[in-house]
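Asker: Can you read through this structure? Questions will come right after.
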Amino acid sequence: MSVASGLTRVISGLITAIWQILPRWGRWTASILLVLWLGWTFLIQERHGGASLVVMSVMDRPISYAYVNGNMGGNTDAFDGRNAGGKTAGPYRIKGDIVKIDWELDMTEEQEKSGFQFEKHTITLPMPKREKGQNDFCVLFLPDNKPVVRWTYRCHQDMQGVINTYRTRKL
């Protein structure tokens with residue numbers, strides 16, 4: 001017998017002994033409280049736990065790092081006209097009234113040969129409203145070096161409308 005199954009047996013025995021000792025009204029009260037707690041936990045309670053931080057870009061330069069409120073996100077490749085990249089990191093607790101984003105623009109080999117340099121940027125934006133079930137925090141960098149942030153259910157699918165306006169190649 002393993003330790004886990006032995007522990008399960010002991011706990012099950014304790015619960016059975018307590019249940020048998022309880023008077024009928026105690027069993028009813030315990031049952032009703034258990035059902036109410038389970039209903040509240042799974043159906044009503046808003047869970048704003050950890051979120052995935054997804055970084056995507058439609059810029060012609062790679063992004064070597066991106067931080068959101070001090071949480072490190074992924075890096076992205078330069079936009080190739082089709083794929084916006086999108087690296088996922090986390091789960092993180094992303095909360096507050098503002099979003100502070102720090103990122104560094106990298107360069108492709110051709111851009112390096114033509115004299116591009118690393119560029120560090122910081123911007124502070126208002127925190128978008130989060131709805132129940134939205135567990136992806138998306139940061140999409142637009143060509144004018146401005147990030148768009150939003151909470152979504154599935155970042156790669158929900159941001160396609162914005163990304164499609166920059167696509168030059170078909171999927």
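Asker: Taking the Cα centre of the stretch 23-135 as origin, work out the dipole magnitude from +1 charges on Lys and Arg Cβ and -1 charges on Asp and Glu Cβ, in debye rounded to 20.
Answerer: Here the stretch 23-135 has a charge dipole of around 1120 debye.
Asker: Choose one of ALA89, GLY74, THR108: the residue whose Cα lies farthest towards the positive end of the charge dipole of the stretch 67-109 (beta-carbon charges +1 Lys, Arg; -1 Asp, Glu; about the Cα centre).
Answerer: The residue sitting most towards the positive pole is ALA89.
Asker: Only one of the values (1) 82, 38, 33; (2) 63, 37, 34; (3) 109, 64, 36 was calculated from this structure for Cα extents along the principal axes in Å; name its label.
Answerer: The value matching this structure is (1).
Asker: Does the stretch 37-98 come out rounded, prolate or oblate by the C-alpha gyration tensor, with a ≥ b ≥ c the root eigenvalues, rounded set by a/c under 1.5 and, if not, prolate when a/b is larger than b/c and oblate if not?
Answerer: The shape class here is prolate.
Asker: Follow-up question, since we're still on this one. Take the alpha carbon gyration tensor of the stretch 119-166, find the square roots of its eigenvalues, order them as a ≥ b ≥ c, and report rounded if a/c is under 1.5; if not, report prolate when a/b exceeds b/c, else oblate.
Answerer: Note, shape of the stretch 119-166 comes out oblate.
Asker: Could you give the angle, 0 to 90 degrees to the nearest 10, between helix 24-39's Cα long axis and the longest principal axis of the Cα atoms of the chain?
Answerer: 10 degrees
Asker: If you don't mind, there's one more thing I want to ask. DSSP beta bridges in the chain, what fraction antiparallel, as a percent rounded to 5?
Answerer: Around 80 percent of the beta bridges assigned by DSSP in the chain are antiparallel ones.
Asker: Taking amide H positions as placed 1.01 Å from N in the peptide plane, with prolines and chain starts having none, which residues 5 or more places from ILE94, or on another chain, fall under 5 Å of its amide H?
Answerer: Amide H neighbours of ILE94, under 5 Å, 5+ apart: ALA51.
Asker: For every helix of n ≥ 4 consecutive DSSP H residues, a contribution of -39,500 (n - 2.57) applies; sum these over the chain, divide by its total residues, and give [θ] at 222 nm rounded to the nearest 500 deg cm²/dmol.
Answerer: -8500 deg cm²/dmol
Asker: For the stretch 8-34 and the stretch 54-82, what is the separation of their Cα centres, given in Å?
Answerer: 54 Å
Asker: Turning to a different aspect of this structure: In the chain, with Lys and Arg counted as +1 and Asp and Glu as -1 at Cβ, which of these residues, LEU142, VAL99, LEU43, has the Cα nearest the positive end of the dipole, that is, farthest along it?
Answerer: Result: LEU43, furthest along the dipole toward the positive end.
Asker: Please state the charge dipole magnitude for the stretch 16-89, taken about the Cα centre, from unit charges on C-beta atoms (+1 on K and R, -1 on D and E), reported in debye and rounded to the nearest 20.
Answerer: That gives a dipole near 420 debye.
Asker: Which residue, chosen from VAL55, PHE118, GLN157, occupies the Cα position most advanced towards the positive end of the dipole of the chain, where the dipole is computed from +1 (Lys, Arg) and -1 (Asp, Glu) charges on Cβ about the Cα centre?
Answerer: Of the options given, the answer is GLN157.
Read the figures in this text as sums done on the coordinates, not as results from a lab. No experiment lies behind these values; they were computed from the predicted model shown. Methodologically, a virtual Cβ is constructed for each residue, glycine included, from the backbone with ideal geometry; neighbour enumeration extends over all protein chains shown.
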